[in-house]
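Everything on this sheet refers to the single structure shown next.
The values are calculated or read from the model by the stated rules, or taken from the named source; none is laboratory data. Here the structure is a predicted model, which is why all the values come from computation and not from measurement. Ideal geometry is used to build each Cβ from the backbone, glycine not excepted, and the neighbour counts take in all protein chains shown. For accessibility, only protein heavy atoms count, side chains too; no ligands or nucleic acids. Shrake-Rupley method; radii C 1.70, N 1.55, O 1.52, S 1.80 Å.
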Amino acid sequence: MKNCKLQKEDRKIISKKYHDNPLFIFIFNYCKSYRSRLDDLSFSIEDFFLCVIFVLDEIKENIDDESYVIGISTDSWNSLKCEIREDADCKSTDDLELCSTLIITLVMLLINMVPHNRYKKIRKEMIATLTNCDKSNFTKVMNDLLPHLQAEYEVMKEWIESYMNSEEYITDDADDALRGKTMLIAMEQNQNITARLDQQIKQAIDTMLQEKQIKNKYDFAWIKLVLENNQDKNFASAKSFVTFLKCLGINEMLPSESIITKYVNSAHCKGEEWTFTDNLDSSEAKRRNMLIKRFIHLYKIEYK
């Protein structure tokens, strides 16, 4: 288990995705009486659900390993307690033991519904561990849980048999859902960075138009080259660059695609200086280099 405690937004994702899952519904209803103790651990219903699922998935994956079957109960109980303590940052041993016992007891009763000899062995191991490690909580949890489980017996038996005999692993499914959220956040961050950069570029161009430093339509070719040379933008073609300028709202002296293509091919960067091959005098080459430096200063420094 990588993490026993979900962030607030992650809890919403899990709750929305599994709101109609029989186990999630059962846990939601059953855990109400223990909510205050779980709250002390900052342990949500969604956290509880995923912990139960993790143990079930681990059992399902290793059911044919005899050594795993023998050590499952003690390992799971101790592992849960350690990870809950670390993630919840709680020093209350009583609450930690109760939470671990809740999870293992529910797992034990669920797998007892599956007709498989290995599951029966695991059940015996779990009962022995819980009796030795946390007898008082185990007895109380069993007495609290059984009436709820009996009331939902047919639904839960059908679900657990189907799940444990399937190739589905909710742990992986949940990881994918949470990873998808992380990717969306990253995409939003990248979109914000891109929007901010575009605004800087627009401000720089507007300033240079006002300053009359952009004197010719072909001067936009140097702007295209600078953006690509600094790896801030990558335009597939002259057309995509002109479209980019239009999207920025640049209408004054908007160049054609042919102008951009012609002059881009005439320029070459050597260190911090640019050279040009379109038969110009030294003053024009100096003007273009000054324009390039001014643009870089504006969008990289002044408007950053």
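Details
- Output for the stretch 58-67, where each listed residue is at pLDDT 75 or above, assigned to a helix (DSSP H, G or I) and open to solvent by 10 Å² or more (accessible area, probe 1.4 Å): GLU58, LYS60, GLU61, ASN62
- Hey, PHE49 among the aromatic types (Phe, Trp, Tyr), open to solvent by 20 Å² or more (accessible area, probe 1.4 Å) and either over 22 Å from SER162 (Cβ atoms) or modelled with pLDDT of 65 or more (or both) or not: no
- Pairs linking a residue in the stretch 161-180 that is closer than 15 Å to VAL55 by Cα to a residue that is of a type in the set (Phe, Trp, Tyr), with Cβ atoms under 7 Å and 6 or more positions apart or on different chains, are THR171/PHE54.
- Pairing residues of the stretch 238-253 that are closer than 15 Å to LEU227 by Cα with residues that are basic (Lys, Arg) and open to solvent by 40 Å² or more (accessible area, probe 1.4 Å), at Cβ distances under 8 Å and at least 6 apart in sequence or on separate chains, gives LEU248/LYS202.
- Applying a threshold of 7 Å to beta carbon distances and a minimum spacing of six or more residues, or different chains, the list of pairs starting in the stretch 44-66 at a residue that is in contact (Cβ under 8 Å) with a residue 12 or more places away in the chain and ending at one that is among the polar types (S, T, N, Q) and in a helix (DSSP H, G or I) reads GLU46/SER15; ILE53/THR171; PHE54/THR171; VAL55/SER76; ASP57/THR171.
- Search result, residues across the stretch 15-46 that are within 20 Å of the chain's Cα centre (by Cα), buried (at least 20 other Cβ atoms within 10 Å of the Cβ) and modelled with pLDDT of 85 or more: TYR18, GLU46
- Test: residue in the stretch 205-216 that is more than 19 Å from GLU302 (Cβ to Cβ) and either open to solvent by 50 Å² or more (accessible area, probe 1.4 Å) or in a loop (DSSP other than H, G, I, E, B) (or both): yes
- Scanning the stretch 68-85 turns up no residue that is modelled with pLDDT of 65 or more, open to solvent by less than 10 Å² (accessible area, probe 1.4 Å) and closer than 26 Å to ALA174 by Cα.
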